[in-house]
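Here is the structure we will look at, set down as structure tokens.
The values are calculated or read from the model by the stated rules, or taken from the named source; none is laboratory data. Given the structure is predicted, the values throughout are model-derived calculations rather than measurements. With ideal geometry, Cβ positions are generated from the backbone for all residues, glycine too; neighbour counts draw on all protein chains shown.
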Amino acid sequence: MSQYSFPVLENEELLPCLEEMEIPINAAQLAKPTYEVVGPIFENILVNLTGITREDLNQPVFAAIDAFEYPELHDESIAARSFFAQLSRLMAVCGVKDFGMKDVHKPDPARLRRHLSAIINFAKFREEKLVAYAELQARLESLAEQKRALREEQEARECELQRLQEERAGEDADAARVQAEADELRAQNQQLNKHFAAASADVKSLKSQAAQLSEAVQAEKFELMNAGQENERLREQIVQSPEKFQRSLAELQSAVDDERGQVDAADRRCRALQARSDMVGKVDKDVQKCLELMREIENEVARKKEASRRVKGLREQISATSNDAADLEAQQQHLMRQQATLKDRIRKLESQAALKKEALASKIEEHLKDREAVEAENACQAALAAQHEATIRATQEKARELSAVHAAAVAALLDKYASLRAEVDAYNAALLAAIRDDTAAGGSGGPLTGVKAAAAAGAAAAASPRPSLPGPGRAGRTSFAAADVAKLRDQLTDLTM
């Protein structure tokens with residue numbers, strides 16, 4: 001499987017990116033790196049990208065220090081080793097698998113460029129993932145809120161389940177008690193039903209006997225009434241014989257006594273049947289009460305079954321909620337890990353922001369100081385400018401005055417120059433004419449005849465106002481006049497400029 005390799009950047013791309021990351025390095029340092037340059041750069045990179053503070057990097061590992069006999073000799077080495085371990089992990093994450101101690105203490109320009117390119121590539125990737133991090137953070141907060149709501153709902157349902165279980169325990173005890181009473185009443189009801197069935201047969205038999213006896217009593221009463229009527233009728237016909245009458249009365253009395261005994265016996269049987277009938281009525285009422293209790297028991301059993309169904313439904317809901325809670329717990333653990341990672345990143349970003357803020361504050365303070373210095377310098381420059389303007393105005397005024405004086409002097413000098421020029425030209429012409437005359441005469445009048453004439457002409461020209469010049473008594477008079485003219489020309493040029 002091919003492995004992605006980061007691009008190695010050139011100075012045109014590398015240096016601006018490093019400047020944006022606030023890593024101080026220039027092209028010369030990149031071409032000839034040293035430990036003094038590379039060490040602080042890697043330390044800044046480690047602080048900015050991992051969020052580890054410089055205090056953490058310099059914090060000694062107490063567990064490792066305790067293992068040495070002379071721990072004070074290893075303070076710097078342990079801190080350097082911890083720094084290199086953190087930096088190696090960062091470079092491994094950036095894609096550099098062969099990073100070593102030599103890359104820090106004896107850096108190579110090509111490898112340093114490669115390492116910085118890997119770090120810039122990782123930093124850009126990290127900035128791109130910040131948007132996804134913000135989305136995950138929002139989703140994490142939403143899921144945490146859902147989890148809190150579901151946990152509250154679960155706690156409420158668990159409380160409701162506990163309450164229902166307590167109610168069910170009480171209802172189970174009541175149901176067991178009612179069931180025992182129902183079983184007892186059912187047994188009593190069965191026993192009473194048997195007695196009722198037997199009593200019903202006896203009642204029917206007794207009722208039929210009572211009806212027969214009632215009929216017999218009525219018949220006996222009717223016969224007794226008929227016998228009384230017959231007795232009255234026969235009494236009228238009977239011969240008054242005391243013995244016979246006594247016998248008849250005795251027989252009738254015995255017959256009446258027998259009938260009365262039978263009536264009393266029938267009456268006793270009727271009362272016994274009535275008592276048994278009353279007892280059967282009481283048993284019937286007890287049976288009705290038992291039937292009502294059985295109906296109530298059936299209602300209680302129905303309520304108990306309904307409560308059992310509700311408990312079963314709640315158990316299913318609790319089981320489903322427990323499964324959801326387990327899923328949410330696993331999701332929460334995953335989100336908590338993501339949250340820890342994101343919090344670590346936020347802490348790193350905050351530390352970077354704090355460092356950038358401190359750097360920005362220092363820059364702002366420097367800029368303010370520079371601004372104050374510039375403002376003070378501007379105020380000084382403004383004062384100097386005002387002073388210079390006053391000086392310039394005075395100088396300009398003086399220059400105008402000098403220009404006027406200069407112009408007048410130049411005009412006078414030009415006039416003198418023109419006059420002198422004319423005199424020199426006349427002198428030179430006379431001198432040349434004298435020389436030519438001397439040459440033509442061939443020395444007839446002596447070698448100084450023409451020169452003297454020229455001198456006389458020059459003396460005549462000197463009678464006009466002109467600058468004082470040396471007398472024409474030497475042969476260098478012509479060159480002197482030319483030098484004087486050149487000097488006057490230079491003075492004129494200087495005055496003009």
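Data for the structure
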| quantity | calculated |
| --- | --- |
| Hey, residue 341 part of a helix (DSSP H, G or I), modelled with pLDDT under 75 and more than 30 Å from residue 165 (Cβ to Cβ) or not | yes |
| Test: residue 181 is surrounded by 15 or more Cβ atoms within 10 Å (Cβ to Cβ) and over 44 Å from the mean Cα position of the chain (by Cα) | no |
| Neighbours by Cβ (under 7 Å, 6+ apart or cross-chain): first from region 135-158, closer than 14 Å to residue 339 by Cβ; second at pLDDT below 90 and of a type in the set (S, T, N, Q) | 136/338; 140/338; 140/339; 143/331; 147/332 |
| Candidate set: region 27-52, residues that are outside any helix (DSSP H, G or I) and at pLDDT below 85; chosen: the one nearest to residue 124 (Cα to Cα) | 51 |
| Tally of residues being surrounded by 13 or more Cβ atoms within 10 Å (Cβ to Cβ) and small (Gly, Ala, Ser) across region 410-423 | 2 |
| Some residue of region 427-434 being free of Cβ contacts under 8 Å to residues at least 24 places away in the same chain and loosely packed, with under 12 Cβ neighbours inside 10 Å | no |
| Subset of region 159-171 (residues that are touching a residue at least 60 places away in the same chain (Cβ under 8 Å) and more than 15 Å from residue 317 (Cβ to Cβ)) | 167, 168, 171 |
| Residue count for region 157-172, restricted to those that are surrounded by fewer than 15 Cβ atoms within 10 Å (Cβ to Cβ) and among the aliphatic types (A, V, I, L, M) | 1 |
| Positions within region 291-310 being surrounded by 12 or more Cβ atoms within 10 Å (Cβ to Cβ), within 16 Å of residue 177 (Cα to Cα) and either of a type in the set (Val, Ile, Thr) or over 60 Å from the mean Cα position of the chain (by Cα) (or both), in sequence order | 293, 294, 296, 297, 301 |
| Residue within region 135-148 that is surrounded by 11 or more Cβ atoms within 10 Å (Cβ to Cβ) and under 30 Å from residue 16 (Cα atoms) present | no |
| Failed item in (1) surrounded by 12 or more Cβ atoms within 10 Å (Cβ to Cβ); (2) at pLDDT 75 or above, with residue 280 passing the rest | (2) |
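For every residue, the table says whether it meets (1) surrounded by 11 or more Cβ atoms within 10 Å (Cβ to Cβ); (2) among the β-branched types (Val, Ile, Thr); (3) within 30 Å of residue 48 (Cβ to Cβ); (4) within 46 Å of the chain's Cα centre (by Cα).
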{"position": "360", "(1), (2), (3), (4)": "yes, no, yes, yes"}
{"position": "364", "(1), (2), (3), (4)": "yes, yes, yes, yes"}
{"position": "373", "(1), (2), (3), (4)": "no, no, no, yes"}
{"position": "384", "(1), (2), (3), (4)": "yes, no, no, no"}
{"position": "397", "(1), (2), (3), (4)": "no, no, no, no"}
